[in-house]
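Q: Here it is: the structure, laid out below.
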Amino acid sequence: MTRLIFLGPPGAGKGTQAKILADVCEIPHISTGDILRNAKAEGTPLGLKAKSYMDRGELVPDDLILDLIRERLNQPDAKAGWILDGFPRNVNQANFLDNLLREMSQGCDRVVNMEVADEVLVERMLGRARKEGRADDTPEVISHRLEVYRQQTAPLIDYYSDRQILVSVDGDRSLNEVTTTLKELIAL
Ligand code: AMP
């Protein structure tokens, strides 16, 4: 049973690695960013509400995210385990997740903190903007997303380190090297 949270700044490679690992473990990769981008593309009520926040690089309000996570973790496929990518994003979401997992009699094995220097992150996100045309990968929005990460998400490093489930991984290596480290980690 594998239950992991991927933590790290935007552009650290969380999504790519979380997807690979979820495939290996045959468990769902649950990315709130992907869910919101799909909702936005489909023009659902959730997508319409989330759009302006996402385009500005702000977090969407917690009330748009919390029920969504509760429902997703209660889906049958998540019984086998899960990898959360992009959630929790602030202390309130982390407290909510703690309570939800307690309610479900589940726990989280590890929180993987992907570490990458700011200059590298900016370069990677600008590259992604050229490739994928994401509205939130312009230079201004990128620097705002990093600021939001530092202010709201980075405190979760201490939050999970205090609970002794945090593992930091150097994300500034080749894709394969990072994957190898992560596989070793979950084999423990
Ligand atoms: P990501 O792909 O995880 O970087 O997410 C892209 C955007 O979706 C973020 O900049 C936020 O606007 C929004 N988002 C994703 N996950 C969350 C979350 N857990 N809480 C609030 N906003 C989120």
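Q: Residues of region 4-62 being over 15 Å from the mean Cα position of the chain (by Cα) and on the phi > 0 side of the Ramachandran plot, which ones?
A: From region 4-62, those over 15 Å from the mean Cα position of the chain (by Cα) are 23-27, 38-53, 55-56, 61; that's our starting set.
26, 43, listed by residue number.
Q: If you don't mind, another one. Out of region 27-56, which residues are loosely packed, with under 12 Cβ neighbours inside 10 Å and either within 8 Å of the ligand (Cβ to nearest atom) or among the charged types (D, E, K, R) (or both)?
A: The answer is 42, and nothing else.
Q: Right, something else. Would region 82-97 turn up any residue that is of a type in the set (Asp, Glu), in a helix (DSSP H, G or I) and under 17 Å from the mean Cα position of the chain (by Cα)?
A: First pass over region 82-97, keeping only residues of a type in the set (Asp, Glu): 85.
Retained after the next criterion (residues that are in a helix (DSSP H, G or I)): none.
Looking for residues that are of a type in the set (Asp, Glu), in a helix (DSSP H, G or I) and under 17 Å from the mean Cα position of the chain (by Cα), one finds none in region 82-97, hence no.
Q: Moving on to the next point. Exactly one condition in (1) at pLDDT 95 or above; (2) away from the ligand (no atom under 11 Å from the Cβ) is not met by residue 88; state its number.
A: The number of the failed condition is (2).
Q: Would you tally the residues in region 57-89 being closer than 24 Å to residue 140 by Cβ, surrounded by fewer than 17 Cβ atoms within 10 Å (Cβ to Cβ) and touching a helix residue (DSSP H, G or I) at 6+ places or on another chain (Cβ under 7 Å)?
A: So the answer is 1.
Q: Mind listing whichever residues of region 65-85 are within 12 Å of the ligand (Cβ to nearest atom) and either over 20 Å from residue 25 (Cα atoms) or without any contact (Cβ under 8 Å) to a residue 60 or more places away in the chain (or both)?
A: 65, 66, 68, 69, 72
The values are calculated or read from the model by the stated rules, or taken from the named source; none is laboratory data. Values in this document were obtained by computation on a predicted structure and should not be read as measured data. Don't worry about glycine lacking a Cβ; one is built from the backbone with ideal geometry, like all the others, and counts go over all protein chains shown.
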